[in-house]
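In what follows, a structure is listed as structure tokens, so that the remarks can point back to it.
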Amino acid sequence: MLLDTSTLYLVATMVAAMLGAMLLFFGRQESIPALKWWGTAYLLGAASVALWTLAGAALGGMLLLALHAVGFVACGMVWNASRVFHGRKPNLPGLVLGAMAWIAAVMTFAPEASMMRMTIGAGIVAVYAALTAGELWTERRRTLQKRWPAIVVPVLHGLVLMLPILLGDFLRPQDAAFASSIWVTVFSVELVLYAVGTVFVIFMLVSDRVVTAHKTAASMDPLTGMFNRRGFAEATSRVIEREALAGRPVTVMIFDIDHFKSINDRFGHPAGDEILKLFSTVVVNNLRISDLSGRVGGEEFAALLPCSLEEGVIVAERVREAFAESGIVVDEGPVDTTVSIGVAGGPAGTELEVLLAAADTALYQAKRGGRNRVEVAEELPLSLEQWRRKTAGLPGQKPQKPGVPSLA
């Protein structure tokens, strides 16, 4: 037994309108432009289908044509929503191109060629579905395994949309009963499933984006924009593992801005913050893209370079010189901008904690030797416990947290 097509269209319309209003509401609440695009598209599409279903026979030719054009604009908005979601600009010509193509087709073909116009209309919607899937496919920030529902949903929609009309066009072109066949019923049901499924995918994408943003915030230092201690440890562990598999050495350096407490005391904390931001810029500008750096304490920074110890020392000297030459002058006078640096290198597979412990010892030697200098660790500690016992009695060493070597 076939379901009434008009009833199914109205159900799809109500579902789409409800979901569109929900998307628009959340888009405004969370200030997510893509949700506003998706919500507006759903509302436009729902209004177009509802008016066509309820009053299509009573509308004049031009009004009905405009109504269909609005539906194609809604399809274009879904595609543009996926662009906006991934940070790309809306394609405004593409937004209306489908509607213009439909109007041109209606003007070109005779009124008797209704099946041809249906095929063209279905093709336009299928193209927009393919473009939407393409936008999600080219997004490389997520793995394919996580992205596949967002790609498959619009592709399946395009295929289901084209199949019944193409079958009617090529296999039964003279059958007037095709409009009431099971294929149209299947298409009507698919509209409801597509509306619900697409919103599920949208919220899945948004949820993933929010989780990623929270993870990023938890691993970044808000003042300098660099990794914090946690983010630096997580990122460097992956690099060390990669370099170990390739049999390449790594170098770690620890930076400590000289006399930072006196800078805060003399010039105030805003000036201290500016010094921290300045130093982070100096570090980033003097490292390669493959190098990692982070703020691991108040005025303490660290970096990991996939290179030999000799190359790391050259980079450390470059950072020290650049920071020393970037002196800042405030109303109270010039601000001393110097940094002490400890550098340690190790063979492939050396643990980060061991490298940090050795670099920390070298940093202490740089401080004791007059500051504004680079010191290289003479040797790596045989174990962290041995290093802790050795440095426990040294004057000026900061208290250490269990399991975490001091960074200055």
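Quick note: the coordinates plus some simple rules give every number you see, no bench work behind them. Owing to the predicted nature of the structure, the values given are computational and were not obtained by experimental measurement. Every residue, glycine among them, receives a Cβ derived from its backbone with ideal geometry; neighbour counts consider all protein chains shown.
Some observations on this one:
- Taking amide H atoms as placed 1.01 Å from N in the peptide plane, the amide H of M220 lies under 5 Å from those of N228, each 5 or more residues away in sequence or on another chain.
- Neighbours of E375 by Cβ distance under 14 Å: Lys/Arg scored +1, Asp/Glu scored -1, total -1.
- Annotation for the range 289-332: GluC sites (Glu not before Pro) lying in DSSP loop with at most 12 further Cβ atoms inside 10 Å of their Cβ are E325, E332.
- The convex hull of the Cα atoms of the range 256-372, projected and averaged over all directions, covers 7.1 nm².
- Applying both filters, DSSP loop and at most 15 other Cβ atoms within 10 Å, to the trypsin sites (Lys or Arg not before Pro) of the range 264-298 gives R288.
- Ranked by how many other Cβ atoms sit within 10 Å of their own Cβ, fewest first, the residues V96, V206, V319 fall in the order V96, V206, V319.
- Rounded to the nearest 0.05, the FRET efficiency derived from the C-beta distance between I328 and M18 at R0 = 51 Å is 0.30.
- Built amide H within the under 5 Å cut-off of T251, gap 5+: L305, C307
- Packing-based exposure ordering (other Cβ within 10 Å, fewest first) of D336, D256: D336, D256
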